[in-house]
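*Asks:* Take a look at the following structure, please.
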Ligand SMILES: Nc1ncnc2c1ncn2[C@@H]1O[C@H](COP(=O)(O)OP(=O)(O)OP(=O)(O)O)[C@@H](O)[C@H]1O
Ligand SMILES: [Mg+2]
């Protein structure tokens, strides 16, 4: 099914017509009967199976949601089958839309059940939360739907089981269906059967990844039928909505970033002295943007500072104004969950108390209605056309901020700007332009792969772009020691620095893991999800380069990447390599590349199926064998990697069956040569 990519590879080796020292090459073969395929064949001449150019299979960590309708059978007994079908169709339409709205993908609809995947074909860093929140929404949608149907007297409810783990995803042989296979799917199905009607059970692997916004209680260690081990099972109780955090974890000492802190201190002094400024901090996930800003703001050189701090959410946020609304909410010191009917009166009192409005101030009503609108509640602004209400809000916010700057410097701090709606960006541009003569600091943090019209290109007196680079070795050592303790050896620090590439989040998490289990080389699930999501956002041409590089190793010549792409019949553009370097995924040194962090290589490599890894290692070995300058041990490494994979998964099309013998011969040769040269 997926041999097409490698078919081209093998064809190239054969076309070169070079006598290989070891016969690693093989013709492309049929996915169904494994017999050789002629070049360009559309059907296998031996068994007639179609040769499909389908999306490659991948290994992915996914969260599987199994939802089953309870009450369906009783319904079928009482209602006409046509009515039942229409009812179920309408209910499913709502449920599927819930799944899609949280970024999931419906894998199958099985009569009265739905299977959905979160994390494939595209991963998000918070797929576990998304899956659970989608499940909660599905229960709610179904109950609302049932309530609206006059002729339904019996209950129609869902049981939902959710589990997370590694699966193989890809097209089902001979069809265009995309699905996931793996034990994690069976466990999710089993959890679904255990869950009560209207309930959601999640496996431990999902619970570990879920954020603390998801309230759950331990059900038990359950013997999942047909499996040897028990599985810890949790029941989802609800969601604890909190104002999003604008502070990152502070339980470790802050290291490095001295230049950035000095620069921020100078900018803040200028703002405290009456100037306005825009600072845009950018960097990859976990590079320390939130932490840097929150540390720096603590040192703001003015006592009467007004800080508005908001954060943008990646999904599930219906209110585009939410980052501004949360900032205001905090400022007004309102408790979350105030009932809407009390909010208007409460807001009036707060405005008078905190913002020095008079009770009969004509601006007071505008303030209250504008605030209600920002928070997503009905307000007078709903009665005017959207373009006008937007303009009214912009004016209200700009005026409000101007009013605050009369009392002292103001900081507007918006985190995670990469997820901001375009309206928020327009609003920031308007604020920057309109209040350029006020003591106002707009400070934002954004991931550096985001494409935003921010910060404003021109026209602002002080604009600072502040990209965050990885930590230096010495800074990383301090961070690792703060986690592991004084027992952290230089060797451990070196190893963690290499693996993390100096990213503070990666470093902290890997160090925590090393502390708990010094011999483990596992990758924390949350890191894998974060990196997988980042890799999935890359355009195909760049992603292929990284995937190929992950097979080649931690570093190598750029020329090898271009050759690899040619073998795979992939387009290759040098500028993609440069973009990958600009984005901090790889580093370039003359004509060589290297992965900036090993964890990125690990995730890219783990995503390839073992079959594809085996094919690519074998292919790499056979191509390298042509080159007189490539050391024998490198060729042997690739052949041996292919052999190991085949030992795990059995014969693979495109890889010689005697690869193990060949790998042994190559390793023996490599060893002999190193002895010969006295290495
Ligand atoms: N300079 C630093 N010294 C010590 N710890 C740091 C430093 N920078 C970041 N950290 C820690 O690394 C983790 C990630 O940092 P932070 O949340 O600030 O990253 P971020 O760039 O905001 O990531 P994201 O893009 O996901 O929002 C946190 O636990 C933080 O405390
Ligand atoms: Mg952050």
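*Asks:* Using the alpha-carbon atoms, what tilt in degrees (0 to 90, nearest 10) does helix 558-567 show relative to the longest principal axis of the chain?
*Replies:* 70 degrees
*Asks:* Compute the separation of the alpha-carbon centres of segment 64-88 and segment 184-228 and state it in Å as a whole number.
*Replies:* Segment 64-88 and segment 184-228 have Cα centres separated by 24 Å.
*Asks:* Can you compute the modelled spin-label distance between residue 498 and residue 298, with each label point 7 Å from Cα toward Cβ, in nm?
*Replies:* If labels sit at residue 498 and residue 298, their model points lie 3.5 nm apart.
*Asks:* Also: Evaluated at 37 °C with a viscosity of 0.692 mPa s, what Stokes-Einstein diffusion coefficient in µm²/s does the chain have when Rh comes from the Kirkwood expression over alpha-carbon pairs?
*Replies:* Values: Rh = 28.7 Å.
Reported coefficient: 114 µm²/s.
*Asks:* Taking every DSSP beta bridge with both residues inside the chain, roughly what % is antiparallel (nearest 5)? If you can, show how the numbers build up before the last one.
*Replies:* Working: 50 of 77 bridges.
Expressed as a percentage, antiparallel bridges in the chain total about 65.
*Asks:* Further question: Cα axis of helix 525-536 to longest principal axis of the chain: angle in degrees, 0 to 90, nearest 10?
*Replies:* Compared with the principal axis, the helix lies near 80 degrees.
*Asks:* Could you tell me, in Å, what Rg and Dmax come out for the Cα atoms of segment 538-583?
*Replies:* Cα radius of gyration and Dmax of segment 538-583 are 9.5, 26 Å respectively.
*Asks:* Separate question: Could you work out the mean projected area of the convex hull around the alpha carbons of segment 525-676, in square nanometres to one decimal?
*Replies:* Directional mean of the projected Cα hull area for segment 525-676 stands at 9.7 nm².
*Asks:* Sticking with this structure for a sec: So, by mean Cβ neighbours within 10 angstrom, what's the order for 193-202, 570-579, 410-419 with the highest one leading?
*Replies:* Output ranking for 193-202, 570-579, 410-419: 410-419, 193-202, 570-579.
*Asks:* Can you tell me the equivalent ellipsoid semi-axes for segment 303-364? Use √(5λ) from the Cα gyration tensor, largest first, whole Å.
*Replies:* Each semi-axis is √(5λ); the values are 23, 16, 10 Å.
*Asks:* Rounded to a whole number of µm²/s, how large is the Stokes-Einstein D of segment 467-516 at 20 °C and 1.002 mPa s, given Rh as the Kirkwood radius over C-alpha pairs?
*Replies:* 207 µm²/s
*Asks:* Students often check this: by mean Cβ neighbours within 10 Å, which of 597-606, 387-396, 509-518, 141-150 ranks highest, and how do the rest follow?
*Replies:* Ranked from most to least packed, the peptides come out as 597-606, 509-518, 387-396, 141-150.
*Asks:* May I ask for the angle, rounded to the nearest 10°, between helix 610-624 and the longest principal axis of the chain, with both axes built from Cα atoms and the value confined to 0 to 90°?
*Replies:* The answer is roughly 60 degrees.
*Asks:* What is the Cα radius of gyration of segment 59-239 over 2.2 N^0.38 Å, N being its residue count?
*Replies:* 1.01
*Asks:* Test of understanding: express the Cα radius of gyration of segment 258-467 as a ratio to 2.2 N^0.38 Å, with N the residue count.
*Replies:* After normalising by residue count via 2.2 N^0.38 Å, the value is 1.01.
*Asks:* Segment 269-337 to segment 415-443: how many Å between their Cα centroids?
*Replies:* 11 Å
*Asks:* Which distance in Å, rounded to a whole number, links the C-alpha centroids of segment 599-663 and segment 562-580?
*Replies:* 20 Å
*Asks:* Same structure again: By per-residue mean of other Cβ atoms within 10 Å, what is the highest-first order of 628-637, 155-164, 654-663? Display every interim value, and only then the final one.
*Replies:* Details: 628-637: 16.1, 155-164: 24.6, 654-663: 20.4.
The most tightly packed comes first, giving 155-164, 654-663, 628-637.
Every number in this text was worked out from the coordinates using simple rules, so none of it is lab data. All figures in this text were calculated on a predicted structure; none of them were measured in a lab. So basically every Cβ, Gly included, is an ideal-geometry build from the backbone, and we count neighbours across all protein chains shown.
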